[in-house]
Structure formats: C-alpha cells, structure tokens
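The values are calculated or read from the model by the stated rules, or taken from the named source; none is laboratory data. On a predicted model such as this, the values are computed, not experimentally measured, just so you know. A quick note on method: Cβ atoms are made from the backbone with ideal geometry, for glycine too, and the neighbour counts reach across all protein chains shown. Surface accessibility is based on the protein's heavy atoms, side chains included, excluding ligands, DNA and RNA. Shrake-Rupley method; radii C 1.70, N 1.55, O 1.52, S 1.80 Å.
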Amino acid sequence: MDYDIKDIRLAQKGFLRMEWAQQEMPVLELVKKRFKKEAPLKGVRLSACLHVTTETANLMTTLKAGGADVVLCASNPLSTQDDVASALVDYFHIPVFAIKGEDNDTYYRHIQAALNHRPAITMDDGADLVSTLHTKRKDLIKGIIGGTEETTTGVIRLRSMAARGVLKFPIISVNDADTKHLFDNRYGTGQSTLDGMLRATNRLVAGTVFVISGYGWCGRGIAMRAKGMGADVVVTEIDPLKAIEAVMDGYRVMPMAEAAKIGGFFVTVTGDIKVIRKEHFAVMKDGAVVCNSGHFNVEIDIPALEKMSRRKRPIREFVEEYTLPNGRRVNLLGEGRLINLAAAEGHPASVMDMSFANQALSAEYMVKNSKKLERKVYPVPAAIDREIARLKLKGMGIQIDTLTREQEKYLASWEMGT
C-alpha cells in the first residue's frame, strides 16, 4: 500500500483520538452499521480530498465499511492531524497522502496521488480535486460517475464551472444540506474559530473590537461566539440583506476601511479574494490580530502585507508578527489558512457527525442515481437531510411531536378559513 504521512509511530495516539470523536458521532455510526450489512459502495473507487481529522477518519472507515476502495489526501496544507493520518494507514489500511505543514508542491503531489487511484467518485473540501481533474487529469474524467463537495468555497467554484458548461460530471453539494450548513458552518465554525484564535494568541476577547468579514452561516456563528465572550462585534458585508440581518442581530456594520482602524481581532469568512488588503493593514492598530476561517488563505492579501512590512518574525507558534513602516505590528495567524484547523482541531465531532453522514449517504445516492443526473451541482436530497436530522435527535435522546390525522388533513386542505 502506497502512502505518504509524517510518522507511522503516531498511529496509536490517532486511533484513540478517533475513538473519542466516534463517541459523539452516533448518526455516522448508524450509517456504518447499515453499510456493513448492505455494502452499497462495494467495489467503488473513491478519492477524498478532505481535512484529515479524527472526524474525517471516522467517515473514511464508514465508507470502507460500505465496500468502497478509499484513498484520502489533505484539502489544506495545515489541516492534517498527523496522528490520525497514521492511524488510518496502520489500523485501517487506508492509503493517506497528507502531512501537516506540507509545502505547495507536496500538497498538489498528494492530490495527484489520490487521483492515481482512478476514482469513480470524488469527495472534495474546496474543489481542488475536481479542479485538478478538469485541468491536469482529464484522462480520468471518463471513469467518474460523480462527486460530493462540502464547503461554501468549493460550491462557489463548482457552480461557476457548471454555469460555464465545463463541469464534466454531477456533484452533490453537501454544503447546501440544512443538517450541514445550519450546524457545521454556524456552530462548528463559530466554536472552532475562537478555539484556534485563543490557542494561537492566548489573548482576551472580552472588551475588544472583533471584526468579522462575511455574515453567512460561518460569520453568524463566529459573531455569536465572540459576542458571548464579551467582544464588541463589527461586521463587514457586501450583501445588503446580510448586512441588515447583522444590524438586527445587534452588531455594528461598516466598510472594512472603517473597521480596520478600530479592530483588535479580524476574521475573514467570505470565500472571496483580498478582503483585507494593503490599505487596511496600513491603518490597523498596533498589535492587531488577523486570521482567516474561510477555506483558502487568499481572503487576506498576504503578499501585500509581506511587501509593505519592514520586518517579519515568528513570535508564537502559528503567529507571525509583521512590523509596518509606521512601527505598528500586525499579527497574522496560521499563515492565513483555516485558523480552526491550523492552530486547533477543527469542528467538534458532534456537528461533523451530521456533515459526514451527509457525505456518506450522498456517495451512496450518487452510486444509485448517477445515470439520471446531469453535469451540474445538485442539493442533498431532502429525504436524506430529514433522515439525518431524525437520527441526530434519536442519538441525543430527544423526541418530537407528530401530526394528528386532523392536523394532516388541515395542512393538505384549502377550504377551512377563519
């Protein structure tokens, strides 16, 4: 078995951490039990490009239990947990190509290694696997029946490909499932982003001006947590509807040009490029902390910060201090990459339980229905979404009401008025 990881001797630690995460993933466990009995993915080659975490590892073992022939590579150079990569190789014989801190060349070499598996299904976190397929490995496209995508950033890229008519196979947008973005993006990103920032800086959030760029579900979650820790939250947005929502939720809203002057912490979660730029760095307060929780580090114009600084030095693990010509210091966290995975462990297992159940069931759906699907991006079927919610409630020991026959009749009728 071919693989490329940091150190196989880390496997036992990774195995125990996988077991710890598994305890908070009851939905995925139920899926795994059914997959073992039915083997819906039997003989299907599947290449996954995901954050290599304990939760992802439990998804990989679920897919393998369903009969899939799985290979995993990292979807971000700083998001790999090396002990988990080792456990997957040593305990479960799943090929992994991922090393935390790998350089750009190694990152893409690992993507190529995953594609050498000649997958029938792709599973992406940011669409780098699909993008590489469409640009550098077109020879493999014929054998692919479809794929899944988990992130907002990846879905934006894939919808662009579909709109331009260049997408060559159907993709299911796991990110669009309610049981994904309403929980993973909001509660997962909210908690894990603050976790990463605090681990990296050990700074007090209370009493600071905390600037969040983007008020989608991830931005909402971060704002909620920052406010709960006592921060004065400022939101920057380009969408008037989201901006109004942020105002109604109790936050200040202003352009980044103004927010840059007053912020102590800055977090980008937009999915776009150069959200924080040269003109913003130039007016920041001394000691400002800048980080990103979107999928790619392009949200922060790091080349501009490098060029305009007279000194750069690592001052803490995952913290680089840039000194500007005016003597002020800007602290960049985690090289501008996903701070929740660069400096912490990513989302808690409880929310990833639903996200990865969506991944597993969407892969099964793709195997059964790919011939009916066109070359475009599809949402997760509503029946899968609702079933995952039902199973999650069951796993939490929570019961809900059901409609009476009279209520069902009323909702299906139009005759009855006031």
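Our summary gives the range 113-216 a relative contact order of 21 percent, counting only alpha carbon pairs under 8 angstrom and 6 or more residues apart. Over all pairs of different C-alpha atoms in the range 70-207, the reciprocal of the mean inverse distance, the Kirkwood hydrodynamic radius, equals 16.6 Å. The peptide list 402-412, 86-96, 339-349, 277-287, put in order of mean Cβ contacts within 10 Å with the highest first, becomes 339-349, 86-96, 277-287, 402-412.
Across q = 0.12, 0.14 Å⁻¹, the chain modelled as identical point scatterers on its alpha-carbon atoms has Debye log10 I(q)/I(0) values of -0.98, -1.27, in the order of the q list. Sequence-distant contacts, meaning Cα pairs under 8 Å at least 6 residues apart, place the relative contact order of the range 240-300 at 36 percent.
Note on residue 312: lysines with a C-alpha under 30 Å away, same-chain residues under 8 apart excluded, are 6, 100, 261, 274, 278, 285. Computed over protein heavy atoms with a 1.4 Å probe, the accessible surface of the chain works out to 46 Å² per residue. The DSSP beta bridges internal to the range 288-413 are antiparallel in roughly 70% of cases.
Of the peptides 169-175, 290-296, the order by per-residue mean of other Cβ atoms within 10 Å, starting with the highest, comes out as 290-296, 169-175. In the chain, carbon and sulfur make up what percent of the accessible area (probe 1.4 Å)? Carbon and sulfur: 52 percent of the exposed surface of the chain. For the pair residue 134 and residue 16 in one chain, pulling the backbone fully straight at 0.36 nm per residue adds 38.7 nm over the alpha carbon distance. For the chain, a Gaussian network of Cα nodes joined below 10 Å ranks 74, 39, 383 by mean-square fluctuation, and the top entry is 383.
Working note: 222 nm ellipticity from helices only, DSSP H runs with n ≥ 4, each -39,500 (n - 2.57), summed and divided by the residues of the chain, gives -13000 deg cm²/dmol to the nearest 500. Using C-alpha pairs under 8 Å with a sequence gap of at least 6, the mean separation divided by the residue count of the chain gives a relative contact order of 17 percent.
The modelled label-to-label distance between residue 254 and residue 412, using points 7 Å beyond Cα along the C-beta direction, is 5.7 nm. Spatially, the range 153-188 and the range 198-232 are offset by 26 Å when compared through their Cα centroids.
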